[in-house]
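Input: a single structure, listed below in structure tokens.
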Amino acid sequence: MDLSSILLFIINKMNGERTLNAGLHLLRGKKSGQTLQDVEYFDLKPLFGIWPKLDEVLYQQTADELINKALITSDEKFCRLTEKGGVEVQHFQLPRFKGWDYRGREKVFFGRIALAVQTISYFRTGSTSFNPIQRDREIQLFVKRLLEGKPLTDPKFGKRISEELKRALVTSGISDRQKYIFANRLTGRGETAKTYDQLASELDSSPSAVYLLFIESLHMLLPVVENPENYPFLNKCAFDIKVHSYLTDSALRTKKLFDQGYSMKDISKTRNLKMSTIEDHIIEMATNDERFPVTHFVSKDTIQAVLSKSEEMGTKRLKLLKNEFQMLSYFELRLILTVNREGDS
């Protein structure tokens, strides 16, 4: 697994109907209407936001490599797999990412663990002064509260935390390679965390591959530590990491008005937002709520007709479907394709 294989998978799922940059926005977790829509359209929730600070130069270099290998083609409008790329992508198995649930916050989880481990390591050897591995003030305050009143100088306490962490890593099912990466990203007394570049050199890999393995390991570890009885310390480190609401803050405000019976026009006027923005919010709401009343906007027969035509034509491009359903607005078409659940009401 590396960035090139992830990108090849994304381009395959988007089926030649999006530009190359759509993949970049997806991996960064961009909260635009288009990207949130694409996540649902193309069933790409696991990859959403797994690389919030993905460098655009690295992304383009990776895409250029795929083009040079004749695996993809790209122009100003669309990016698609070549026949050779179609064969290549069949060998790819989607890693166990949960990007839609964590959206980059898995690194906050690890940051808490890393600082706690560093703190315990130093206190256990009688040293209370050190440069914290984490500069993030919120993480520092969180760990300070977490360790307050704990017997940090007692070797038994440190051993108990160590054993809990080892048990969780084993239970998560991550590979030995990932365990090595995880362990070497930690800092302790006399031990400095290794960079992705250093680990890539050691493992004869690329920094991007090491990064992706690391993120996958965190996504596999987090569900395990949801049990506070078996993992009391790690469960506390995971506090507020998983997304509670999948809606953006603005969409949440729109939802409150919608639930109160406001029409889209009234919401637009009340919030002083363009109708197109409210439409994006409605799409976002429908994406994240299986009980969303789709038939409030379009009939079941219309939903079935659009979905059948989309399947028949092998496309989800709005412009092409609009030619087939002139009576429907682009918003209605987007809503149908986003929900894509036959018979919902």
- request: Pop out the ³J(HN,Hα) list for the range 15-24 in order, Karplus 6.51 cos²θ - 1.76 cosθ + 1.60 with θ = phi - 60°, rounded to Hz; leave Gly and Pro as x.
  value: 6, x, 10, 9, 7, 4, 5, 4, x, 5
message: Just to confirm, what accessible area per residue do you get for the chain at 1.4 Å probe, in whole Å²?
response: 52 Å²
message: With a 1.4 Å probe and all protein chains kept in place, how much accessible area does THR62 have, in Å² rounded to the nearest 10?
response: 10 Å²
query: Once you list every other residue whose beta carbon is under 13 Å from the beta carbon of LYS156, what net charge do they have if Lys and Arg are +1 and Asp and Glu are -1?
result: +1
message: What do you get for the angle between helix 3-14 and the principal long axis of the chain? Use alpha-carbon atoms, 0 to 90 degrees, nearest ten.
response: 20 degrees
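Size of the dipole of the range 105-242 about the Cα centre, Lys and Arg at +1 and Asp and Glu at -1 on the beta carbon, nothing else charged, in debye to 20?
So the dipole magnitude of the range 105-242 works out to roughly 440 debye.
Highest mean first, how do 30-36, 206-212 rank when packing is the count of other Cβ atoms within 10 Å averaged over residues? Could you put the intermediate results ahead of the total?
On the way: 30-36: 18.1, 206-212: 20.0.
Top to bottom by mean Cβ count within 10 Å: 206-212, 30-36.
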field: Gain on full stretching of the segment that runs from GLU138 to HIS296 - 0.36 nm per residue minus C-alpha separation
entry: 52.6 nm
- prompt: Under the Karplus relation 6.51 cos²θ - 1.76 cosθ + 1.60, θ = phi - 60°, what is the ordered set of whole-Hz ³J(HN,Hα) values for the range 235-240, x standing for Gly and Pro?
  reply: 4, 5, 5, 8, 4, 6
task: Would you be so kind as to identify which of PHE123, SER263, THR19 lies farthest towards the positive end of the dipole of the chain, taking Lys and Arg as +1 and Asp and Glu as -1 on Cβ and the Cα centre as origin?
output: PHE123
- prompt: With a sphere of radius 13 Å drawn around the Cβ of TYR122, what net charge do the other residues whose Cβ falls strictly inside it have (Lys, Arg +1; Asp, Glu -1)?
  reply: +1
message: Greater than 20 Å separation of Cα atoms is the criterion. Which listed pairs, LYS45/LYS166; LYS45/LYS107; LYS159/LYS194; LYS150/LYS236; LYS166/LYS242, meet it?
response: LYS45/LYS166; LYS159/LYS194; LYS166/LYS242
statement: Rounded to a whole %, the carbon-and-sulfur portion of the accessible area of the chain at a 1.4 Å probe is 47 percent
field: Simple Cβ-charge dipole of the chain, Lys/Arg +1 and Asp/Glu -1, about Cα centre, in debye nearest 20
entry: 1160 debye
query: Amide H to amide H, which residues 5 or more places from PHE48 or on other chains are under 5 Å from it, using H placed in the peptide plane?
result: GLY99, TRP100
- prompt: ³J(HN,Hα) across the range 302-308 via Karplus (A = 6.51, B = -1.76, C = 1.60, θ = phi - 60°), whole Hz, x for Gly/Pro?
  reply: 5, 4, 5, 5, 5, 5, 5
- request: Only Lys, Arg, Asp and Glu count, each charged at its Cβ (+1, +1, -1, -1), so figure out the dipole size of the range 23-142 about its Cα centre, rounded to 20 debye.
  value: 640 debye
Nearest-ten-degree value, helix 249-259 long axis tilted from longest Cα axis of the chain: 50 degrees
task: Determine by what factor the alpha-carbon radius of gyration of the chain differs from 2.2 N^0.38 Å, reporting the quotient.
output: 1.16
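The values are calculated or read from the model by the stated rules, or taken from the named source; none is laboratory data. This is a predicted model, so every value here is computed, not measured. Heads up, the Cβs are rebuilt from the backbone with ideal geometry, glycines too, and the neighbour counts pull from every protein chain shown. What goes into the accessible areas is simple: the full protein's heavy atoms, side chains included, and nothing from ligands, DNA or RNA. Shrake-Rupley method; radii C 1.70, N 1.55, O 1.52, S 1.80 Å.
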